[in-house]
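Below is one structure, written out as structure tokens; comments come after it.
The values are calculated or read from the model by the stated rules, or taken from the named source; none is laboratory data. This one's a predicted model, so the numbers in the text were calculated from it and none came from an experiment. Here the Cβ positions follow ideal geometry from the backbone for every residue, glycine too, while neighbour counts run over all protein chains shown.
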Amino acid sequence: MSCRALTALITSLLLTASAAANDAPALKAGVFSPARQAPDFSLQGSDGRELKLSRYRGKVVVVGFGFTSCPDVCPTTLATLAAARRELGAAAADVQVVYVTVDYERDVPERMKKYLSAFDTTFVGGSGSAAQLAAVRKDYGISAEKKQYGDSYTYAHSSFTYLIDRGGRIRALMPYGHSPDDYAHDLAILLKE
């Protein structure tokens, strides 16, 4: 094969590969390019076991942060994720939702289990000490600010979720307000990889 023919063949293969990559469905969430390894952590799981992100290697994982006393954003996000899992049907067995609390004082594992089970019994919550939770928030770039209101308090916190592929890499960040269809779309793409 001549040098010119070899060059033409390589160029053709590169163009074909490029076209195939462009035909791949795009995620609706903000994509991390390149993907990076999701930081692992060790917390108390609402299922009574140690909660480590690495425990779910081989599944697609959605990681979110919030608290059980949240009046609007957290329940909306969890209801959206539950609806997305229902849309996926049998494929949802390979999707794990992990919800890490920002409220170490109130959100003990038993409380988180009861709260999350109201949305989907497969959801697992993570709680721990103030220092443990602060370290996880730092690793994931999550802000959480406690706001005192009379005898009670609430939190202003980041409301996006991370989409993590089967290999444990952060692939995308889904801002608050996306629909169950958007989540199901992106999760279906990651499940097929």
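So V102 clears everything in (1) crowded, with 22+ Cβ neighbours inside 10 Å; (2) touching a residue at least 60 places away in the same chain (Cβ under 8 Å); (3) more than 13 Å from the chain's Cα centre (by Cα) except one condition, right? Which one?
V102 satisfies all of (1) crowded, with 22+ Cβ neighbours inside 10 Å; (2) touching a residue at least 60 places away in the same chain (Cβ under 8 Å); (3) more than 13 Å from the chain's Cα centre (by Cα) except (2).
Kindly list, by first and then second residue, each pair from a residue in region 54-83 that is more than 12 Å from T161 (Cα to Cα) to a residue that is basic (K, R) and assigned to a helix (DSSP H, G or I), limited to pairs with Cβ atoms under 8 Å and residues at least 6 apart or on different chains.
Final answer for the pair search is T68/R111.
Just one of (1) over 22 Å from A38 (Cβ atoms); (2) surrounded by fewer than 20 Cβ atoms within 10 Å (Cβ to Cβ); (3) at pLDDT 95 or above trips up Y115, so point out which.
If we test Y115 against (1) over 22 Å from A38 (Cβ atoms); (2) surrounded by fewer than 20 Cβ atoms within 10 Å (Cβ to Cβ); (3) at pLDDT 95 or above, just (2) comes out false.
What's the number of the condition D94 fails, among (1) farther than 22 Å from D181 by Cα; (2) surrounded by fewer than 24 Cβ atoms within 10 Å (Cβ to Cβ); (3) within 16 Å of the chain's Cα centre (by Cα)?
(1)
Name the single residue, out of those in region 132-189 being among the aliphatic types (A, V, I, L, M) and out of contact with any Leu (no Cβ under 9 Å at 6 or more places or on another chain), that is surrounded by the fewest Cβ atoms within 10 Å (Cβ to Cβ).
Per the criteria, the residue is A156.
Can you confirm whether D139 is among the acidic types (D, E) and either out of contact with any Phe, Trp or Tyr (no Cβ under 8 Å at 6 or more places or on another chain) or at pLDDT below 95 (or both)?
When the stated conditions are applied, D139 does not pass them.
Out of all the residues in region 107-161, which are within 15 Å of G45 (Cα to Cα) and part of a strand (DSSP E or B)?
V124, G125, G126, S127
Go over the candidates D103, D120, D40, D23 one by one and state the one that is modelled with pLDDT under 95 and out of contact with any Gly (no Cβ under 7 Å at 6 or more places or on another chain).
Working: D103 fails: modelled with pLDDT under 95; D120 fails: modelled with pLDDT under 95; D40 fails: modelled with pLDDT under 95.
Just a single option satisfies the conditions, and that option is D23.
Does region 65-81 hold any residues that are more than 13 Å from the chain's Cα centre (by Cα) and either crowded, with 20+ Cβ neighbours inside 10 Å or not in a helix (DSSP H, G or I) (or both), and which are they?
Passing the criteria: F67, T68, S69, C70, P71, D72, C74.
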